[in-house]
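The values are calculated or read from the model by the stated rules, or taken from the named source; none is laboratory data. Nothing here was measured: the structure is a model prediction, and the numbers come from that model. Positions of Cβ are backbone-derived with ideal geometry, glycine not excepted, and every protein chain shown enters the neighbour counts. All accessible areas refer to the heavy atoms of the entire protein, side chains included, with ligands and DNA or RNA removed. Shrake-Rupley method; radii C 1.70, N 1.55, O 1.52, S 1.80 Å.
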Amino acid sequence: MSQSFPHLFQPLTLRHKTLKNRIVFGAHTANMSVDGWPSDRHLGYYRERARGGAAMIVVEPVPVNKAAVLTRGNFRAGDDGVIPHFRRITEACHEHGTVMIQQLYHVGAHGDWDNSFEANQSPSGAPSMHDTDGSHRMTVAEIEQTIADFASAAGRAKASGYDGIELMAAYNAIIEQFWSVQANRRDDAYGGTFEKRMKFSADLLTALRRKVGEDFIIGMAISLDPGSPAALSIEQQIEIAQWHEARGLYDYITLGTGSYFDFTKIIPPFVYEDKMGAPFAEAMKAALKTVRVQAESHIRTPENADYVIASGQADTVSIVRGQIADPHLANKAKDGRPEDVRGCISCNQMCWGRRSRDYWISCLINPSAGREFEWGGDTFTPAPSPKTVLVVGGGPGGLEAARVAAERGHHVILAEATDKLGGQFRLAGLQPRRGQITDLIGWYEGQLTKLQVEIRTNAYLEQADIAAIGADEVVLATGSQPSMSGWQRSLAHRDMLPGVDDANVWSVEDVLRRDARLGKRVLLLDDAGNWRGPGTAWHLAEKNHAVTLLTGDAYVGRDLARTAADFPMRSRLKKLGVTFITDSVILAWHGDAATIRDLSTGLEQRLPFDSLVLATTNTSDSALQTELQDAGLGHHAIGDCLAPRHAAAAIFEGRRLALTL
C-alpha cells in the first residue's frame, strides 16, 4: 500500500473481482476503431493505462444496435466479429491485473442520423439535443428488441473476456429517458407511475444477468446536471438507485456531471472547479448500502482521488483525462512519486476537442496518447548512441524535446533567451483559471533537473554561439512573435490595419508580460477565436478595464466550441462586464478610437477607445533558422518557429523529433 496515498491503494471487492486500488480509467469515446473494428491503436491505448496501474478500465461504449450508433469511430453494433479484436485488448490488460469492463450504450432521442442512418428512438418521440432531429416513439416490440440487443451485446462482452459491463444512463441516454417524467410520457406498462418508469431498466438488467451469469460485474453510469431543469435531480437519482439496489440489479454506480442539455460539464474544462462529481457521489454513497459508488468528473490528480476516498465520498474514482495525460499516474502515486505525474491541464483541446470533430482522441501534453502502438507508450527506448543535443528555446516544444531526448540517454543543453522557461505557454498560464499551465511548466523544470539537463537561461544564441557549442544535434524551438499588423481574416486582402503603427496598440503578449500601458477603455481584436483573446479579456476585466471584444466570427470563442469551453467563457466575460461585438472588423485605428464595420449590414461607426490589443495570428521567429542554413549548420525546427500554431503541435513535434535522435 502506498504510504503517500494509503486510502487510494486499498484493495476493493467488486462482485467476484478484487480491484488492486481505487483508480479507474472510466468510459470515454476514444473513437479509434477502423471500419468498426477495435484497432491496434485501441490495443496500445488501453494496454498502456493497464501497465500504468489502473485497477479497472471501462472500455468505451459499444452501441447495442444500429439506432444507437453515435460516432464515426463506434464499434460495429450486433456483430460477433468484434469478439477476437476485443479479446486481444482484455487479455493484454489482464496481464497487468486490471479488471476489464465494457460500457454499452444507446442514447435514445439524442442519436446522430448522419452516422447511424437510423431514426433516433426514444420512449416518447422527444427531440434530439444533438441536432434538430426528432425521434421515433418506440413500440413495445421495439423496446423488447432493444433489451434483447443489450443482452446480446453483454454476451459478446463476456465472450470477449470482459469481467463486466457498464450501462450508460448518463447525460439523459435512453435508460434515463425512461426514468424521467420529462422524457417519458408513455401511458402503458413502461410509463406513468414511478414503478412503470423503472420497468425498462429492471427488465433490461434482469435480461443481462440471465445472459451473463452471476460471475460478471454490472455497473450503471449516471450524471447530475443541477443547472438543467430537464435533468434528474440528485434526490431523484438516489430514489432510483435505491429502488434498483433493493432488487440487487447492479453492483456499482458511477456519477458524472453534465448532460446532453449542457455539454460543457460532461468533460469540464479548466473554468470549472476540481472534483465536480464528488459531492453527488457522497450523497449517493450515504443513501446506498451494498452498491459501490464511484465519483468522476474533474478528479485530476492522485491528491484529489485520495481525498475523495479518505473522506468517504466514494469507493472508487474515475480519472480519465488525468490518465490520458499520464498513463502511469497510478503507479507513480503508488511508488510515492506524485511529483512525477504529468498533470492534466483540463484544456480539452486534443481529447474532447478531437472527439467533437469525430477524430480519434489524443492529448496536448501527452502526444503518445493514441500513438502508443507506434511510439511504444510513455516510456522511451534508449538511444543506440548517446549524443550532445542542443535545444534552443524553452517553450513547450523545446521543453518536450529536451525531456524526451534526455530520457533516451542524450546529454541535453537547453538554452532559453529569457530568464524563465515556458515561452508564450507561460504567459497563457497567467490568464485567469489557467494555473494548471504554470504547474505543467514547473513539472518540466523538475523533470529536466532530475534528468540532469543543462539549463541555460538568459542565453540568447546566435549562429556563432551554436557553432561554438558543437552539439551533435541542434533543435530550434524559438517560437513566434506577435505580427502587430492587425491582419484580419475577414479582410484578408489587406496586409495591415490602417493606424496600427499609431499609439496605444499592444499585443496580448505585451499585456500578460505587463509591458502594455493601457487606458481604461480597451478594444480587443480577436481574430482567432481561441483562448488568447477571451483569456486576455478576462484578465483585463478583472483589472477593472472596460473591455470590448471584437471578432469577425458570429460568436465569441468560435475555436473554443470544440472544447466545450466557449459557453462558460462567454458567461464569465459577460458577468465581468465585457462587451461583445461580433460579425465585425476594424477598418482603422485612430489612436483614440476605431472605425468598425458590421459585416452583416455593412454599417460603419467610429467608437472611442483608449487602447487596442491584438489577439491575431503570430509570425514565426525564423531568423536563426536562416542563419544556420546560410552557414551550412544542420538543425531541426519544431513548434511555432516552423509555423505558428497551438501548444499541442509544439509538444507533438518535440516528442516526435526526440524519439528519432
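Can you classify the range 526-626 as rounded, prolate or oblate using the Cα gyration tensor, where a ≥ b ≥ c are the square roots of its eigenvalues, rounded means a/c under 1.5, and otherwise it's prolate if a/b beats b/c and oblate if not? Since a/c stays below 1.5, the shape of the range 526-626 is classed as rounded. Think of the chain as having a plus end and a minus end, set by charges on the Cβ of Lys, Arg, Asp and Glu; of 183, 449, 59, 183 sits farthest toward the positive end of this dipole.
How many percent of the accessible area of the chain is carbon or sulfur, using a 1.4 Å probe?
Working: 11970 of 24670 Å².
C and S atoms contribute 49 percent here.
For the chain, what's the relative contact order in percent, using C-alpha pairs closer than 8 Å and at least 6 residues apart?
After rounding, I find 11 percent.
Quarter the surface of the alpha carbon convex hull of the range 256-360 and you get the mean projected area, 7.5 square nanometres.
Entry note, the range 333-377: relative contact order of 21 percent, from Cα contacts under 8 Å with a spacing of 6+ residues. What's the local net charge at residue 216, with K and R +1, D and E -1, over the other residues with C-beta under 12 Å away? Surrounding charge for residue 216 is +1. Using the Cα centre of the chain as origin and beta-carbon charges of +1 (Lys, Arg) and -1 (Asp, Glu), tell me which of 324, 637, 145 is placed farthest towards the positive end of the dipole. Ranked along the dipole, the leading option is 145. Ranked by the mean number of other Cβ atoms within 10 Å of their residues, highest first, the peptides 257-267, 352-362 come out as 257-267, 352-362. With no solvent and one point per C-alpha, what does the Debye sum give as log10 I(q)/I(0) for the range 544-595 at q = 0.16 Å⁻¹? Here log10 of I(q) over I(0) equals -0.54.
With a ≥ b ≥ c the root eigenvalues of the C-alpha gyration tensor of the range 445-508, is it rounded (a/c under 1.5), prolate (a/b larger than b/c) or oblate?
Details: a/c = 3.00, a/b = 2.45, b/c = 1.22.
Prolate, because a/c is 1.5 or more and a/b exceeds b/c.
At 1.4 Å probe size, put 95, 142 in order of accessible surface, largest to smallest. Let's see the in-between values first.
Working: 95 150, 142 55 Å².
Listed by decreasing accessible area, they come as 95, 142.
Which of the pairs 17/265; 275/420; 275/575; 66/275 have their Cα atoms more than 26 Å apart in this structure? Write down the numbers at each step before the final one.
Working: 17/265 32 Å; 275/420 31 Å; 275/575 24 Å; 66/275 35 Å.
Result: 17/265; 275/420; 66/275 exceed 26 Å.
Express in nm, to one decimal, how much length is gained between residue 13 and residue 579 on full extension, taking 0.36 nm for each residue of separation and deducting their alpha carbon distance. Walk me through the numbers on the way to the answer.
Numbers: separation 566, 0.36 × 566 = 203.76 nm, distance 5.45 nm.
Roughly 198.3 nm would be gained on extension.
Note on the range 537-592 and the range 345-386: Cα centroid distance 31 Å, given to the nearest whole angstrom. DSSP assigns beta bridges within the chain; of those with both partners inside it, close to 20 percent run antiparallel.
For the pair the range 191-221 and the range 408-479, the centres of their Cα atoms are 55 angstrom apart.
When the square roots of the Cα gyration tensor eigenvalues are ordered a ≥ b ≥ c, the ratio a/c for the range 349-445 is 1.5 or more and a/b does not exceed b/c, which makes its shape oblate.
Distance from the C-alpha centroid of the range 284-332 to that of the range 94-167: 26 Å, rounded to the whole angstrom.
Sparsely packed loop sites in the range 225-295 (the GluC sites (Glu not before Pro) outside DSSP H, G, I, E and B with at most 15 other Cβ atoms within 10 Å) comprise 273.
Taken along the Cα-to-beta-carbon direction at a fixed 7 Å, the label points for residue 561 and residue 181 span 3.6 nm. Put 243, 37 in order of accessible area, highest first, and with a 1.4 Å probe you get 37, 243.
Rounded to the nearest 0.05, what FRET efficiency is calculated for residue 79 and residue 493 with R0 set to 45 Å and r the Cβ-Cβ distance?
On the way: r = 53 Å, r/R0 = 1.17.
Calculated value: 0.30.
Considering only the other residues whose Cβ falls under 10 Å of the Cβ of residue 274, what net charge follows from Lys and Arg at +1 and Asp and Glu at -1? Spell out each step's value before the answer.
Values: positive: 275, 300; negative: 273, 303.
Within the 10 Å Cβ shell, the charges total 0.
Quick one: accessible area per residue over the chain, 1.4 Å probe, rounded to a whole number of Å²? Before the final figure, lay out each step's value.
On the way: 24670 Å² over 661 residues.
Per-residue value: 37 Å².
Please give me the summed charge of the neighbours of residue 160: other residues whose Cβ is under 10 Å from its Cβ, Lys and Arg +1, Asp and Glu -1. Value of the local net charge: +2. Candidate membrane-span-like segments in the chain, meaning DSSP H helices with Cα atoms spread over at least 24 Å of their own axis and a Kyte-Doolittle mean of -0.5 or above, are 140-159, with no membrane implied. Each residue, residue 459 and residue 148, gets one label point 7 Å from its Cα in the Cβ direction; the gap between the two is 7.1 nm.
When only the heavy atoms of the protein chains count and the probe is 1.4 Å, how do 15, 656, 49, 371 rank by accessible area, highest first? Don't jump to the answer; show the numbers that get you there.
Values: 15 90, 656 115, 49 0, 371 45 Å².
So the residues, ranked largest to smallest area, are 656, 15, 371, 49.
Per-residue ellipticity at 222 nm from helix content only, as computed over the chain with -39500 (n - 2.57) for each DSSP H run of at least four residues, stands at -9000 deg cm²/dmol.
How big is D, in µm² s⁻¹, for the range 1-154 by Stokes-Einstein at 10 °C and 1.306 mPa s if Rh is the Kirkwood radius over C-alpha pairs? This corresponds to a translational diffusion coefficient of 94 µm²/s. Between residue 118 and residue 643, residue separation times 0.36 nm minus the direct Cα-Cα distance comes to 184.7 nm. Using a 7 Å offset from Cα along Cα-Cβ at residue 472, what residues in the range 392-416 end up with backbone N under 19 Å from the label point? Residues 392, 401-415 qualify, since their backbone N sits under 19 Å from the label point.
Where the convex hull is taken over the Cα atoms of the range 115-273, what is its projected area averaged over directions, in nm²? Mind dumping the intermediate values first?
Values: hull surface 41.7 nm².
Over all viewing directions, the range 115-273 projects a mean Cα-hull area of 10.4 nm².
Scattering from the range 607-654 was approximated by placing one identical point on each alpha carbon and applying the Debye formula without solvent; log10 I(q)/I(0) at 0.17, 0.21 1/Å stands at -0.63, -0.78.
Of 256, 234, 365, whose Cα points farthest to the positive end of the dipole of the chain (charges on the beta-carbon: +1 Lys, Arg; -1 Asp, Glu; origin at the Cα centre)? Toward the positive end, the furthest listed residue is 234.
Rank by packing, highest mean first: peptides 560-566, 611-617, with packing defined as the count of other Cβ atoms within 10 Å averaged across residues. Let's see the in-between values first.
Working: 560-566: 21.6, 611-617: 24.4.
Result, highest mean Cβ count within 10 Å first: 611-617, 560-566.
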